[in-house]
């Protein structure tokens with residue numbers, strides 16, 4: 001025993017232990033050879049079926065999470081749609097009240113026209129009787145002629161009032177409208193989105209502007225103008241006040257007027273130009289021209305009327321409603337660029 005534990009034997013045993021790596025699972029807690037049950041230990045190996053099951057579960061969870069994300073997006077869209085529908089309700093109610101009001105007024109006008117037709121038939125019959133009486137030399141012809149003149153004068157008066165009422169109705173129907181020119185036609189376009197982008201980018205209006213209706217006008221010229229009806233007059237004025245930003249661009253906009261107002265403005269336009277040429281302040285509002293803050297008068301402002309210019313009639317000019325609208329709107333486009 002003492003022969004085996006000499007210093008040389010101890011050093012040799014330590015050298016052998018340091019050069020031999022410790023087996024799994026732990027380093028040897030004591031020097032010397034390892035026990036038999038330590039040398040038979042092997043590292044654990046994971047079962048492949050368990051790993052594949054875990055991977056399948058993870059992929060299933062990922063797919064469910066992606067479905068939840070898509071459902072969240074759809075719910076957000078649904079919420080926005082509900083908000084848009086809620087905002088439409090007051091607009092629909094306003095439109096319904098306007099339609100009812102216009103229906104009542106149209107019904108009244110229809111009744112008035114029927115009465116006029118009956119009255120005209122009576123006048124025609126009376127006129128025929130008057131001619132027969134005059135041809136026969138009857139004594140009552142003079143009294144009938146005087147009565148006929150009075151009735152004709154009354155009909156002219158009622159006709160003028162009816163024209164004024166129709167003009168006011170047309171103005172009420174178009175006072176919230178603007179016409180946009182120069183916006184290129186796009187195949188399959190969404191005109192409302194197109195105009196919303198135009199108002200935001202070209203007119204630099206960042207606030208929300210609501211349209212009641214947006215449509216292209218029937219025209220043989222390209223691009224076709226776009227007629228827009230705003231929710232209210234205030235929003236129309238916000239857009240119209242930004243029209244100066246379109247100066248120098250291929251775009252323009254104008255107010256939509258009735259045909260008789262357009263015809264009157266077309267006659268007043270040369271007088272307005274002449275007044276401005278003579279350094280006089282001239283502003284046109286609808287079918288009225290104001291020179292130096294005074295309503296235009298043919299005698300008082302005759303220096304602004306050209307010799308070649310025809311006189312302005314006292315009554316409004318009748319314009320056939322079937323006249324090509326594009327021509328009137330083109331003229332109006334020129335008027336607005338000079339007016340504002």
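The values are calculated or read from the model by the stated rules, or taken from the named source; none is laboratory data. Everything numeric here is computed off the predicted structure, so don't read it as measured data. FYI the Cβ positions are ideal-geometry reconstructions off the backbone, even for glycines, and counts take in every protein chain you see.
A compact table of results
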read-out	value
Residues satisfying the stated conditions in the range 167-193, i.e. part of a loop (DSSP other than H, G, I, E, B) and either surrounded by 12 or more Cβ atoms within 10 Å (Cβ to Cβ) or touching a residue at least 12 places away in the same chain (Cβ under 8 Å) (or both)	175, 176, 182, 183, 184, 185, 189
Test for residue 164: is it modelled with pLDDT under 85 and surrounded by 10 or more Cβ atoms within 10 Å (Cβ to Cβ)	yes
Search result, residues across the range 194-222 that are assigned to a loop (DSSP other than H, G, I, E, B) and out of contact with any strand residue (DSSP E or B) (no Cβ under 8 Å at 6 or more places or on another chain)	202, 203, 204, 205, 206, 207, 208, 218, 219, 220, 221, 222
Residue 153 in a helix (DSSP H, G or I) and either within 26 Å of residue 99 (Cβ to Cβ) or within 21 Å of the chain's Cα centre (by Cα) (or both)	no
The listed residue being in contact with a helix residue (DSSP H, G or I) (Cβ under 8 Å, 6 or more places away or on another chain) and either without any contact (Cβ under 8 Å) to a residue 12 or more places away in the chain or under 21 Å from residue 168 (Cα atoms) (or both), out of 295, 289	289
Residue 261 being surrounded by 18 or more Cβ atoms within 10 Å (Cβ to Cβ) and in a helix (DSSP H, G or I)	yes
For residue 207: the one exception among (1) more than 14 Å from residue 178 (Cα to Cα); (2) surrounded by 15 or more Cβ atoms within 10 Å (Cβ to Cβ); (3) touching a helix residue (DSSP H, G or I) at 6+ places or on another chain (Cβ under 8 Å)	(2)
Of all residues making up the range 265-300, the number that are assigned to a loop (DSSP other than H, G, I, E, B), surrounded by 14 or more Cβ atoms within 10 Å (Cβ to Cβ) and modelled with pLDDT of 85 or more	2
Residue check, residue 303 loosely packed, with under 13 Cβ neighbours inside 10 Å, on the phi < 0 side of the Ramachandran plot and either touching a strand residue (DSSP E or B) at 6+ places or on another chain (Cβ under 6 Å) or not in a loop (DSSP other than H, G, I, E, B) (or both)	yes
